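Laboratory data are not the source of any read-out in this text; all were calculated from the coordinates shown. Everything quoted here is computed from the prediction, not taken from an experiment. A quick note on method: Cβ atoms are made from the backbone with ideal geometry, for glycine too, and the neighbour counts reach across all protein chains shown.
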Amino acid sequence: MSASKNKNSILVLATLGVYLGLALAGATPQVLAQAAMARQFDLKDELEHRDDLDAKPPETFRDSVQVYLDDVEYFLTGLQRLTANGKLELDDARFVVAQSTLLPCTVSNKAGSYTAEKFLASAKSLEPGLERFSKLLTDGYSLQDCLPNDKFPGVEATSSRFETRFDEKEFLVEVAVRKASSDRATALAAALTETFTVFRQPSNSPIRTSILTNTSARARNDQVFVVTRLPRAGLAPLFAHAAK
């Protein structure tokens, strides 16, 4: 009973955080209500998903890179299916989703501070895939350091941010994580860059090959950015090639 009450409290606080974030971004009352309700159900799924993550946390750079590549490929494969099934006109598709996350470094942690910055999609058919992808990007792939913060006094927390968008120029995924120092950020970026090369195999699918070719890791001050950029003009040919 106590665990259930705690979960409900977490859901209320997190939903309120999303509501306020969207309000500051200028969303309409209808959009705010829909987003808050959708996020409440998403968070229930997220709590269950984190139970699975707790059992098998990423332990190496290779694990984190593997999961990131899998997540991006899964999302792009979903876009391919939508276009192939006539549920999405790729030429007209646009979206942008961004969120910042602060997670306390406590044993079996399942809750934190989630600040929704943007969630815009040009078609309803895009929304389920974007919601799922957003949940996968939330925790920064366990690459960030536990650091002091203003949100959770007395408890260190990890800080990350993601943005994914599809605009007139490109498909972008950017995951940013904060490290304890610029030296640690530089070391992580170098390790990630080296690890990405391990996955470059001739047997990769066309989509996986394109992701690897267009993904990089870089450090800036105390942050590390993992960025995938695919030219918009190349997506339709890529999907056609992958479908063969």
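Phi-derived couplings, Karplus 6.51 cos²θ - 1.76 cosθ + 1.60 at θ = phi - 60°, listed residue by residue for the stretch 74-90: 4, 5, 5, 5, x, 4, 4, 4, 4, 5, 5, 8, x, 8, 8, 8, 4 Hz, with x used for Gly and Pro. Pairs over the 26 Å Cα-Cα cut-off, from the set K118/K244; K124/K179; K135/K244; K118/K169: K118/K244; K124/K179; K135/K244. A straight chain from N221 to T197 at 0.36 nm per residue would run longer than the Cα-Cα distance by 6.2 nm. Measuring spread by the Cα atoms of the stretch 59-243 yields a radius of gyration and Dmax of 16.9, 53 Å. Taking a Cβ cut-off of under 10 Å around R208, the surrounding Lys, Arg, Asp and Glu residues balance to a net charge of -1, with basic ones at +1 and acidic ones at -1.
Taken along the Cα-to-beta-carbon direction at a fixed 7 Å, the label points for H241 and L90 span 1.1 nm. The local environment of S182, defined by Cβ-Cβ distances under 13 Å, has a net charge of +2 under the rule Lys, Arg +1 and Asp, Glu -1. Full extension of the chain between E170 and T60 yields a length gain of 36.6 nm, computed as 0.36 nm times the residue separation minus the alpha carbon distance.
Sequence-distant contacts, meaning Cα pairs under 8 Å at least 6 residues apart, place the relative contact order of the stretch 59-243 at 22 percent.
The dipole here belongs to the stretch 59-243: it is taken about the Cα centre, uses +1 on the Cβ of Lys and Arg and -1 on the Cβ of Asp and Glu, and is about 120 debye.
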